[in-house]
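First comes the structure, then the notes that go with it.
The values are calculated or read from the model by the stated rules, or taken from the named source; none is laboratory data. In this text, all values refer to a predicted model and were calculated from it rather than measured experimentally. Using ideal geometry, Cβ is built from the backbone for each residue, glycine included, and neighbour counts are taken over all protein chains shown.
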Amino acid sequence: MLCGAVAAADAAPSVRALALFKGKAMLEIDGRRQLLRDGETGAAGVRLLESTAERARVDVAGRISELALDERIGGGFAAAPAPVVVRLLPAADGHYYVDGQLDGSPVRFLVDTGATAVAVSKHTARRVGLQYRVEGTPGTVQTAAGPAPAYGVVFDEVKVQAIRLTNVAGVVVDGDAPREPLLGQAVLNRLDLRREGVVMELRAR
């Protein structure tokens, strides 16, 4: 009986969390990628019970386990060491958004490969606690509405989910835009950015 139980455990499918979102997750099941929503069952009978941006709860062969990003479970249900990587799917508007932090304050970034720095509006800057008019370097930036006053700043810490960077160049636009902070090349140049189909992958170096 013990040998049979061990064999059954070894035969359990390998499951890895490739991307996590509220209400859905992209899982790799025995090497095959599947996007499942809460309550859906995928290959090998793997069922996604619940997913958040941090963890996915899955039912594998009748055993419930939790997976963080890039964690893997298999026959022994032991999690493999996870590299620091963030995988994103496009939103309904076609853009990529990701939760993170600016100097410890939670924000939702819009990934913008055309932006040179991390750009925020005056409203975001005030919420984060930046004294940009005192500590920043004044200048101008070009916006959709024309030139706008702006201030060059440095963020002590920028977090993109589990990825953490320090001393990141930023720009505060002294106006209402951008609505979401722009995650520009000041961050993206310090990561490995890849595209695989519609999935965008940000990997720490």
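All of Ala25, Ala92, Ala53, Ala78 fail the test of being at pLDDT 90 or above and part of a loop (DSSP other than H, G, I, E, B), apart from Ala92.
Which residues, taken from the range 97-143, are free of Cβ contacts under 8 Å to residues at least 12 places away in the same chain and closer than 29 Å to Lys22 by Cβ? Pro106, Arg126 - these are the residues of the range 97-143 that are free of Cβ contacts under 8 Å to residues at least 12 places away in the same chain and closer than 29 Å to Lys22 by Cβ.
When the range 105-115 is limited to residues that are out of contact with any helix residue (DSSP H, G or I) (no Cβ under 8 Å at 6 or more places or on another chain) and part of a loop (DSSP other than H, G, I, E, B), the one that is surrounded by the fewest Cβ atoms within 10 Å (Cβ to Cβ) turns out to be Gly114. Pairs linking a residue in the range 10-37 that is without any contact (Cβ under 8 Å) to a residue 24 or more places away in the chain and not assigned by TED's automatic domain parsing to the domain that holds Arg195 to a residue that is surrounded by fewer than 16 Cβ atoms within 10 Å (Cβ to Cβ) and assigned to a loop (DSSP other than H, G, I, E, B), with Cβ atoms under 7 Å and 6 or more positions apart or on different chains, are Arg37/Gly23. The residue of the range 180-191 that is surrounded by the most Cβ atoms within 10 Å (Cβ to Cβ), among those that are out of contact with any helix residue (DSSP H, G or I) (no Cβ under 8 Å at 6 or more places or on another chain) and either in contact (Cβ under 8 Å) with a residue 60 or more places away in the chain or of a type in the set (Phe, Trp, Tyr) (or both), is Leu183.
Of the residues making up the range 116-131, those that are crowded, with 19+ Cβ neighbours inside 10 Å and part of a helix (DSSP H, G or I) are Lys122, Thr124, Ala125, Val128.
With respect to (1) surrounded by 13 or more Cβ atoms within 10 Å (Cβ to Cβ); (2) touching a residue at least 60 places away in the same chain (Cβ under 8 Å); (3) not charged (D, E, K, R), the lone exception for Val173 is condition (2). Put simply, of Val198, Val154, Val158, Val134 the only residue that is surrounded by 18 or more Cβ atoms within 10 Å (Cβ to Cβ) and either in contact with a Lys or Arg (Cβ under 7 Å, 6 or more places away or on another chain) or hydrophobic (A, V, I, L, M, F, W, C) (or both) is Val158.
Within the range 112-149, the set of residues being under 16 Å from the mean Cα position of the chain (by Cα) and either farther than 12 Å from Pro178 by Cα or at pLDDT below 95 (or both) comprises Thr113 only.
Filtering Gly146, Gly42, Gly62 for residues that are outside the structural domain of Ala19 (by TED's automatic domain parsing) and either without any contact (Cβ under 8 Å) to a residue 60 or more places away in the chain or not basic (Lys, Arg) (or both) leaves a single hit, Gly146.
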